[in-house]
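Take a look at the structure set out below.
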Amino acid sequence: MTNAVEFKNESGLEFVDISSEEWREYSFPGGETVRILDPLQLYVSDNGHRIFDSAGVSHYVPFGWVHLCWRSKDGSAHFVK
């Protein structure tokens, strides 16, 4: 899949290109899983992973949580902090 939405990063964080992945899946001790289809950009911190996908959805998979995701408004940054 191609990059359907231009990635806008105003967070100051340095994301890496993971567009070679078809999907990315996180498994948690309680049996929960989070699968992200067609991920494009990734930032890894001590607190969790930030992922941007080709549908324009921003995901945050923090350590200890299961999943948090959002879609930014047209023209807005996908990550700001």
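The values are calculated or read from the model by the stated rules, or taken from the named source; none is laboratory data. Everything numeric in this text was worked out from a predicted model, so none of it was measured. Here Cβ is always computed from backbone atoms with ideal geometry, including for glycine, and neighbour counts include all displayed protein chains. We work out accessible area using only protein heavy atoms, side chains counted, and drop any ligands, DNA or RNA first. Shrake-Rupley method; radii C 1.70, N 1.55, O 1.52, S 1.80 Å.
Here's the picture: charge each Lys and Arg Cβ at +1 and each Asp and Glu Cβ at -1 in the chain, and of Leu42, Ser19, His78 the one pushed furthest to the positive end of that dipole is His78.
With an 8 Å Cα cut-off and a minimum separation of 6 or more residues, compute the relative contact order for the chain in percent.
31
For Trp65, no residue 5 or more places off, or on another chain, has a built amide H under 5 Å of its own. Measuring nothing but protein heavy atoms, the accessible surface of the chain at 1.4 Å probe radius is 50 percent carbon and sulfur. For the pair Ser54 and Glu6, the difference between a 0.36 nm per residue extended length and the Cα-Cα distance amounts to 16.4 nm.
Calculated accessible area for the chain comes out at 65 Å² per residue, all protein chains present (probe 1.4 Å; ligands, DNA, RNA ignored). For the range 51-68, backbone phi angles converted through the Karplus equation (6.51, -1.76, 1.60; θ = phi - 60°) give residue-by-residue couplings of 10, 10, 10, 5, 7, x, 8, 9, 10, 10, 10, x, 5, x, 9, 8, 5, 9 Hz, Gly and Pro being listed as x.
In this label model, Ala77 and Asp17 are separated by 2.2 nm, measuring between points 7 Å along each Cα→Cβ vector. Between the range 1-42 and the range 67-81, the C-alpha centres lie 13 angstrom from each other.
Where does the chain land on Rg/Rh, using Cα atoms and the Kirkwood Rh?
0.95
For GluC sites (Glu not before Pro), the sites in the chain that DSSP calls loop and that have at most 12 other Cβ atoms within 10 Å are Glu6, Glu10, Glu14, Glu22, Glu32. Placing +1 on the Cβ of every Lys and Arg and -1 on the Cβ of every Asp and Glu, with nothing else charged, gives the range 16-81 a dipole about its Cα centre of roughly 280 debye.
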